[in-house]
Amino acid sequence: MADVPEWATGVDVDRPSAARIYDYALGGSHNFAADREAYADVVTTFPDAPLVARSNRLFLHRAVRHIVTDLGVTQFLDLGSGVPTVGNVHQIAQNIDPRARVVYVEIDPVAVAHAEILLADNPRATMLRADVRDPAAILRSEQVTSLLDLSRPVAVLMVTVLHFIPDADSPAGIVRAFRDATVPGSAVAVSHLIAGDWDDESGNVEQVYNRTSTGINPRSRAEIAGLLDGYDLVEPGLVYSPLWRPDPGPAGLDPLTDDPARSVALAAVGRR
Ligand SMILES: C[S@@+](CC[C@H](N)C(=O)[O-])C[C@H]1O[C@@H](n2cnc3c(N)ncnc32)[C@H](O)[C@@H]1O
């Protein structure tokens, strides 16, 4: 058993976790040897992994900016938010509108512990430890009922989280439950690993993630589009994530703007 810092007391640090693998991929420090070994195995068969992680995070940033600035929605429910790292949703949203409110939801105890420390002084952002597969528990939680006003528009973020939900747990039903709990004018942001483009590598990546408690389930374009039923997608619709409203500049900030299919993920923002 590895040396465990205080913020990880009680965590099984010998089993890799999706949250901590992603944290490591983004250059964070809330991960353990098992996570770094799993990530090394991913990179061996899928060398684009670091670029994919960064590209995804940049989509999240652009989506949040668009939702606050153009859609005027300032309440966020960030499902599967990950270990807080640079450029968290509350930092981006509150930088544009200090009144913005964010409830983060995570299953990973390290992500939760670190977020609680980071958010201790922020009255408009909080963390809930919960499983996205239980929307009712999330919606009636103290965090959601005290911080979010569900009679006003809310943006539900499901950014690279739905592919951790197997078909047996009805990802479409989960999206629908959150959609139905929000009023018209609300928004959704989704990014999701696409099946097909990277079949050779994805089998190996799936094997690595099967060592965590949350395996991965890439889906086809039609399946991902189906998850967004009931939402009107804002331009440009469902596209490879680097193509979703890229930042201006020669190639934007996204390392995959010039070769967007390498992101192996589709992304969209929708309006209810
Ligand atoms: C790749 S990270 C994405 C983090 C952030 N949304 C982003 O895109 O930058 C996926 C996160 O989803 C979390 N997750 C996976 N399954 C979950 C579940 N059933 N309930 C809550 N969180 C979950 C993982 O712990 C991980 O932190």
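The values are calculated or read from the model by the stated rules, or taken from the named source; none is laboratory data. Please read all numbers here as calculations on a predicted model, not as lab measurements. All Cβ positions, even for glycine, are placed from backbone atoms using ideal geometry, and neighbour counts span all protein chains on display.
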_Under 8 Å between Cβ atoms, which residue pairs at least 6 apart in sequence (or on different chains) link something in the stretch 251-272 that is closer than 18 Å to ALA49 by Cβ and part of a helix (DSSP H, G or I) with a partner that is of a type in the set (Phe, Trp, Tyr) and modelled with pLDDT of 90 or more?_
PRO260/TYR240; ALA261/TYR240; SER263/TYR240
*Quick one: in the stretch 99-121, of everything that is more than 12 Å from the ligand (Cβ to nearest atom), touching a residue at least 24 places away in the same chain (Cβ under 8 Å) and more than 14 Å from the chain's Cα centre (by Cα), which residue is farthest from VAL161 (Cα to Cα)?*
ARG99
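So which residues in the stretch 67-92 are in contact with a Phe, Trp or Tyr (Cβ under 6 Å, 6 or more places away or on another chain) and either assigned to a loop (DSSP other than H, G, I, E, B) or more than 21 Å from VAL132 (Cα to Cα) (or both), if there are any at all?
SER81, GLY82
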*Can you pull out the residues in the stretch 174-200 that are buried (at least 23 other Cβ atoms within 10 Å of the Cβ) and part of a loop (DSSP other than H, G, I, E, B)?*
THR182, SER186
_Pairs with Cβ under 6 Å, 6+ apart, first in the stretch 201-229 and in contact (Cβ under 8 Å) with a residue 24 or more places away in the chain, second aromatic (Phe, Trp, Tyr)_ = GLU201/PHE46; VAL205/PHE46; THR214/PHE164; GLY215/TYR209; ILE216/TYR209
*Extreme residue, farthest from the ligand (Cβ to nearest atom), among residues of the stretch 56-88 that are crowded, with 21+ Cβ neighbours inside 10 Å and among the small types (Gly, Ala, Ser)*: ALA63
*Restricting attention to the stretch 122-141, which residues are within 11 Å of the ligand (Cβ to nearest atom), assigned to a loop (DSSP other than H, G, I, E, B) and not aliphatic (A, V, I, L, M)?*
ASP131, ARG133, ASP134
*How many of the residues in the stretch 164-173 are more than 9 Å from the ligand (Cβ to nearest atom), in a helix (DSSP H, G or I) and surrounded by fewer than 22 Cβ atoms within 10 Å (Cβ to Cβ)?*
4
*Just need a number here: residues in the stretch 27-40 that are touching a residue at least 12 places away in the same chain (Cβ under 8 Å), surrounded by fewer than 17 Cβ atoms within 10 Å (Cβ to Cβ) and either within 12 Å of the ligand (Cβ to nearest atom) or in a helix (DSSP H, G or I) (or both).*
3
*asked:* Tell me the residue from LEU139, LEU148, LEU118 that is aliphatic (A, V, I, L, M), surrounded by fewer than 23 Cβ atoms within 10 Å (Cβ to Cβ) and modelled with pLDDT under 95, please.
replied: LEU118
_So for the stretch 55-74 (the condition being free of Cβ contacts under 8 Å to residues at least 40 places away in the same chain, over 30 Å from ARG99 (Cβ atoms) and not β-branched (Val, Ile, Thr)), does at least one residue qualify?_
no
